[in-house]
Amino acid sequence: MASKSRTVSFELTTSNQDIYTVPNNYEAEIKSIYIANNTSNQLTFSLDWYDSVNTTYYTLAETTKLIANGLIQITDGFWLYQGDKFRGLCSSNNNVTITIKVEEHYLPQIR
C-alpha cells in the first residue's frame, strides 16, 4: 500500500468549514492536530468529523476555550476513510489556525 504524508493548515472562521477530506481511494491516519490562537484574547473553537459511511457528523470539541496565544496539541491517532472529513469553526474570524499532520494510504479498490 503506497503512503504519503501531508500537512494541512487552515484558518478557522465563525462558520463551519471543511478542513480536511480524505481523497477517493485513500484511507488516512491523522497523526497530530495543532490548534493555535493567534491573538491576545481568549477564543473558542469547535471541531467535528463526518463519517461518510453513516452520513453523520460527530462532535470532537464544542466551544472549547483556547487561551490567549495558546496552543493545543492532540497526538492520539485518528483513522478516516475516503470521504470522511474534519470541519471546524471559531468565535473570531481568521484568528485560530488548525494544522493537521496526516498520512494517506492509497487503496486501489473502491470501498
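Seen from residue 60, the other residues with C-beta closer than 13 Å to its C-beta sum to a net charge of -3, counting Lys and Arg as +1 and Asp and Glu as -1. Whole-Hz Karplus values for region 65-71 come out as 6, 10, 4, 3, 6, x, 9 Hz, taken residue by residue from phi with 6.51 cos²θ - 1.76 cosθ + 1.60 and θ = phi - 60°; glycine and proline positions read x. Computed from backbone phi with θ = phi - 60° and the Karplus coefficients 6.51, -1.76 and 1.60, the 3J(HN,Hα) list for region 48-58 is 8, 10, 9, 8, 5, 5, 8, 6, 9, 8, 10 Hz; x is used for glycine and proline.
Only Cα pairs under 8 Å and 6+ residues apart enter the sum, and on that basis the relative contact order of the chain stands at 50 percent.
Remark: the chain carries a charge dipole of roughly 180 debye about the Cα centre, counting +1 on each Lys and Arg Cβ and -1 on each Asp and Glu Cβ. Projecting the Cα atoms of 72, 25, 46 onto the dipole axis of region 3-106, where Lys and Arg carry +1 and Asp and Glu carry -1 at the beta carbon, places 72 farthest toward the positive end.
Since every read-out is calculated from the coordinates, none of them should be taken as a lab result. Bear in mind the structure is a predicted one, so any value in this text is a computation, not a measurement. Don't worry about glycine lacking a Cβ; one is built from the backbone with ideal geometry, like all the others, and counts go over all protein chains shown.
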